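Colleague: Once you've had a glance at the structure underneath, I'll fire off some questions.
Readers should treat all values here as calculations from the given coordinates under stated rules, not as data from a laboratory. Worth saying up front: this structure is predicted, and the values here are computed from it rather than measured. Here the Cβ positions follow ideal geometry from the backbone for every residue, glycine too, while neighbour counts run over all protein chains shown.
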Amino acid sequence: MNLTKERLKSDFKKKLMNLYAESIPDSSKLHQYLALGALVKEYASEKWMDTNIQYNKRHVKQVYYFSMEFLIGRLLGSNLLNLGITSLCKDALKDLGIDLHEIEEVENDAGLGNGGLGRLAACFLDSMASIGIPGHGCGIRYDYGLFEQRIVDGYQVEIPDNWLKNGNVWEVKKEDKAIVVKFGGKVIPTFENNRLSFNYQDYEAVLAIPYDTPIIGYKNNTVNTLRLWSAETIDKDFDLESFSRGDYTKAVEHKYSVQSISQVLYPDDTRVDGKILRLKQQYFFVSAGIQSIIRRYKKGNLPMSRFDEFIAIHINDTHPSIAVAELMRLLLDEEGMSWDEAWKITTNTIAYTNHTIMNEALEKWPIEMFKKLLPRTFMIIEEIDKRFCNEVNEKYNDLQKVHDMAIISNGNIKMAYLAIVGSHSVNGVARLHTEILKNRELSNFYDFYPDKFNNKTNGITHRRWLIKSNPKLSNLITETIGNDWIHNPNKLIDILPYSKNPVFQKKIYDIKQNNKMDFAKHVKDHYGIVIDPNSIFDVQVKRLHAYKRQVLNIFGILDLYYRLKDNPNLEITPRTYFFGAKAAPGYYLAKQTIKLINTVAAKINNDSSINNKIKILFLENYSVSLAEKIIPCADVSEQISTTTKEASGTGNMKFMMNGAITIATLDGANVEMKDAVGNDNIVIFGMEKDEVMSLEKNKTYHSSDYYNSDSRLKRIIDNLVNGSLNVPPSEFADIHKYLIANNDEYFVLKDFDSYVQAQNRIDKLYKDRATWMQMSISNIAHSGIFSSDNTIEQYSKDIWKTKKVDINI
Ligand code: 26Q
């Protein structure tokens, strides 16, 4: 397709007319967005079709990335970028009197994820398409994504995220490809045709309807597919018997109970709650996904015995780990395979990524609940467990070990163990995280299956997180070193020789200032708050969780505030601290932390005696689209989790790529960032892993020692509960209790002094602009290795064994 500006203009006007019978002057921004989106999808559709045809015809191995979450955000801007028509479109719309940027702002985020894990899945889809790997997403089309956050009187209030209210221009409903998923009932084993078969009775059948979204590769012809499943009743919207009795409540109950399966994303990203609806969601999309993969596979006339040569299924954490049992069930019961053959194919097909070592996040399901909902699947898991326990016993002859490693124990099914046993690859998401998995959390399994374990450090797509979100920086890089880095992000290193060049430094500085001014304007327009672009922009944006230690950040700010009160002449560069974070609705302490941030903000922002040297802003409703705005204007990136707790982090990489200086503990991927950029270009503080592990193991930490011996901490903590923050003393009593009486699980007090010193180093470094800019440029230069293109290359080579495919048009 040879798209010209004139053609685009005429196509756009036609689209607006065909869809809404409107001309440009009569049309709203919403209609303009919807028309443009529909047009862009059309421009991609031929490539989409050809990609599918060629994958099928050429029998290439395909990857299916199974995830409960795909946090893809907005698609208009990234689709234009990947199709290579951003400036064409901008110019065309400008001719028509329309500002493309304003149109992009109309799109609702697809917020179908909680945070890191869901966003990682989205970056991976972009990378697979962009480097030509045949890889697709499989998940749930939630009617409601992660809740919208409002701050009312300093507290978080959750509002349903009705992201589909204006329709969704990117998806295509494929009702003709619906799949039946069965729940509950009884399994009747019968002996037919010389073998055992399993028939189901009294089950509930649910229809899974796929909605496909094109995943457009960057300036190639690849368009992969994100397939999200929605639950519907099979044929009866009403239970007819109840309907004819006039019992309308009962008559529609069934419909609502089925639809509830894909209604809403669970807003929890750590504590798992073992709710049956969550299990239903998991089985629903896993069963539909695998059935549809098998159906397509069979169209290629290849034997099922070679399934694993052509299909890889990757499971994003344990949430889809039921895939192990479901693939077994389909191979055994539907395809008539022997156990051994089915097992070989299943384990060769499936690979598993672990994203956390936090105990409360490890999924387990009570046997009784599981058995009732998925009786046949349960039988299969029992058999897998039995065979596995035998193997463990054979190897170690140690019943304690068998008990410790059993998939089913103490009344629960341990999904991580099922995932490990049923797959050929288990990976962590950063070097440190993988080492901890191997040596501590999963050491039994590492000993048993040493070859399964491997590391795949996370990555981020530099297309969304640099080219799209920071076009000025991206253009300067291209002007300076050419555009090779776009296809090969490791080439960003070519700007390193300019890191000490004053002219280049000035350009980088000006871009940061420009981005900060744009954001200051956004803040003024949306919140009516004035912020100073000449202050240091210090940003902590991520989910709210005790281990991420937003409280440490707040304590650092309070300490600085009290120092300024004591000494109004203290020479510091003014700072604006930004927080953005959603708390899980049931996570009380996290919600209290939001209130604390807002309370401290109100106190400090309104204290004129410190001459505006500190401002604090809580950014409401942190989301992908907000991240794209704030990250390019950050000077300082806060990555301050308790060492060993953050599996990787990915926000850390986004800030680095945009030239922020990171203040960090040596946790997750921060370690690898430090190795890449060098000790002088990152500000490290706090305990290292051995110290944390030894405190935890020996229980030798007493937070009150720090409270009693450090007058700064004493002042800060006393002031939480004595009314000096202008709230009732009871307001933060539970945070106080958590830190002192309950011994501060994540060592905030222990790391406080080191954090304050690190922040002082930041202040000093920022004063020396040449040094600061040299650091900033070094960070950008070394960030290329964290492109998810690199990560995906490694998954493809080491785990999936997929080949790149050039799509010919
Ligand atoms: C499970 C069961 C019930 C309800 C909710 C959940 C659930 C949902 C989401 C559990 C965990 C999550 C998400 C976890 C997550 O985002 N982990 C992050 O993954 C990133 C990508 O690998 C890492 O960079 C982060 O360090 C890790 O915290």
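Colleague: Within the group 41, 29, 47, which residue is out of contact with any Cys (no Cβ under 9 Å at 6 or more places or on another chain), exposed (fewer than 15 other Cβ atoms within 10 Å of the Cβ) and touching a residue at least 60 places away in the same chain (Cβ under 8 Å)?
Modeller: Just one listed residue meets the conditions, 29.
Colleague: Would you mind stating whether residue 84 is touching a residue at least 24 places away in the same chain (Cβ under 8 Å), in contact with a Lys or Arg (Cβ under 8 Å, 6 or more places away or on another chain) and at positive phi?
Modeller: yes
Colleague: When you check residue 317 against the structure, is it in contact with a strand residue (DSSP E or B) (Cβ under 7 Å, 6 or more places away or on another chain) and within 16 Å of the ligand (Cβ to nearest atom), yes or no?
Modeller: When the stated conditions are applied, residue 317 passes them.
Colleague: So, one more: When the residues of region 63-111 are filtered to those that are part of a helix (DSSP H, G or I) and among the β-branched types (Val, Ile, Thr), which remaining residue is farthest from the ligand (Cβ to nearest atom)?
Modeller: The residue in question is 103.
Colleague: So, in region 651-683, exactly how many residues are within 12 Å of the ligand (Cβ to nearest atom) and under 23 Å from residue 554 (Cβ atoms)?
Modeller: Going through region 651-683 one residue at a time, the tally reaches 6.
Colleague: Hey, does region 251-267 have a residue that's within 16 Å of the ligand (Cβ to nearest atom), in contact (Cβ under 8 Å) with a residue 60 or more places away in the chain and part of a strand (DSSP E or B)?
Modeller: yes
Colleague: Now for a different question. If you go through region 390-404 one residue at a time, do you hit one that is out of contact with any Pro (no Cβ under 9 Å at 6 or more places or on another chain), surrounded by 17 or more Cβ atoms within 10 Å (Cβ to Cβ), over 26 Å from residue 545 (Cα atoms) and polar (S, T, N, Q)?
Modeller: Scanning region 390-404 turns up no residue that is out of contact with any Pro (no Cβ under 9 Å at 6 or more places or on another chain), surrounded by 17 or more Cβ atoms within 10 Å (Cβ to Cβ), over 26 Å from residue 545 (Cα atoms) and polar (S, T, N, Q).
Colleague: What residue, of 542, 629, 565, is of a type in the set (D, E, K, R) and surrounded by 21 or more Cβ atoms within 10 Å (Cβ to Cβ)? Walk me through how you get there before you give the answer.
Modeller: Values: 629 fails: surrounded by 21 or more Cβ atoms within 10 Å (Cβ to Cβ); 565 fails: surrounded by 21 or more Cβ atoms within 10 Å (Cβ to Cβ).
That would be 542, the only listed residue that is of a type in the set (D, E, K, R) and surrounded by 21 or more Cβ atoms within 10 Å (Cβ to Cβ).
Colleague: Quick check on residue 225: is it assigned to a strand (DSSP E or B) and either free of Cβ contacts under 8 Å to residues at least 60 places away in the same chain or not aromatic (Phe, Trp, Tyr) (or both)? It would help to see each step written out before you state the result.
Modeller: Numbers: assigned to a strand (DSSP E or B): yes; either free of Cβ contacts under 8 Å to residues at least 60 places away in the same chain or not aromatic (Phe, Trp, Tyr) (or both): yes.
In short, yes.
Colleague: Same structure, new question: Every residue in region 123-162 that is hydroxyl-bearing (Ser, Thr, Tyr) and part of a loop (DSSP other than H, G, I, E, B), please.
Modeller: 142
Colleague: Let me ask something else about it. Only one of these is closer than 14 Å to residue 316 by Cα, away from the ligand (no atom under 16 Å from the Cβ), crowded, with 22+ Cβ neighbours inside 10 Å and within 19 Å of the chain's Cα centre (by Cα): 123, 138. Name it. Break it down stepwise before answering.
Modeller: On the way: 123 fails: away from the ligand (no atom under 16 Å from the Cβ).
When all the criteria are applied, what remains is 138.
Colleague: Is it the case that region 152-172 has a residue that's in contact with a Pro (Cβ under 9 Å, 6 or more places away or on another chain), within 27 Å of residue 584 (Cβ to Cβ) and surrounded by fewer than 20 Cβ atoms within 10 Å (Cβ to Cβ)?
Modeller: yes
Colleague: For residue 602, state whether it is among the aliphatic types (A, V, I, L, M) and closer than 27 Å to residue 72 by Cβ.
Modeller: The answer is no for residue 602.
Colleague: Of the conditions (1) part of a helix (DSSP H, G or I); (2) within 17 Å of residue 198 (Cα to Cα); (3) touching a residue at least 40 places away in the same chain (Cβ under 8 Å), residue 336 clears all except one; give me its number.
Modeller: (1)
Colleague: Name every residue in region 274-314 that is touching a residue at least 60 places away in the same chain (Cβ under 8 Å), within 16 Å of the ligand (Cβ to nearest atom) and not in a helix (DSSP H, G or I), in order of residue number.
Modeller: Within region 274-314, 274, 314 meet the criteria.
Colleague: Among the residues in region 426-440, are any in contact (Cβ under 8 Å) with a residue 60 or more places away in the chain, more than 16 Å from the ligand (Cβ to nearest atom), under 30 Å from residue 801 (Cβ atoms) and surrounded by fewer than 17 Cβ atoms within 10 Å (Cβ to Cβ)?
Modeller: yes
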